[in-house]
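Below is one structure, written out as structure tokens, with a few remarks after it.
The values are calculated or read from the model by the stated rules, or taken from the named source; none is laboratory data. It should be emphasised that the depicted structure is a prediction, and the values quoted were computed from it without experimental measurement. We place every Cβ from the backbone using ideal geometry, glycine too, and count neighbours over all the protein chains shown.
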Amino acid sequence: MNSLILCTFALFAVALAGHHHLEDNGPAFYKFEYGVHDPHTGDKKSQYEHRDGKHVKGGYTLKEADGTTRIVEYHAGPHGGFNAVVKRIGHAQHPAHYGHGHGEHGQGYGHGGTSYVGTTHFGYGGH
């Protein structure tokens, strides 16, 4: 009985091993780009990418909420891996108060939002 189970298992394993292969459809080639510039919302971004076989090159830009522009350029390949260069253009603007509320702080609820922004710091807390 045990030998019958063992033979069945062995045949099943051989059948599975015979069906395990990667299909190579040849090298991949593509190129795309897009952009958004919405003056109503202030959304401004773009991206492009080009692939030639196993090598990819691309980049994107976007307008950050603080008014700066982030520019990322990247390339990747089988020998160098993924590499990106990130740049920030402009000076960050952090308003102390913005919104369309009415009245003092904490009042005006239901008449448009009011937001108060303080200074934000990010860092590693474990000294």
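For this structure, a couple of remarks:
- Residue within segment 12-30 that is out of contact with any Phe, Trp or Tyr (no Cβ under 6 Å at 6 or more places or on another chain), at pLDDT 90 or above and either assigned to a strand (DSSP E or B) or at positive phi (or both) present: yes
- Verdict on K45 being in contact with a His (Cβ under 7 Å, 6 or more places away or on another chain) and modelled with pLDDT of 90 or more: no
- Unique residue being surrounded by 15 or more Cβ atoms within 10 Å (Cβ to Cβ) and either farther than 13 Å from I89 by Cβ or aromatic (F, W, Y) (or both) when the list is H75, H40: H75
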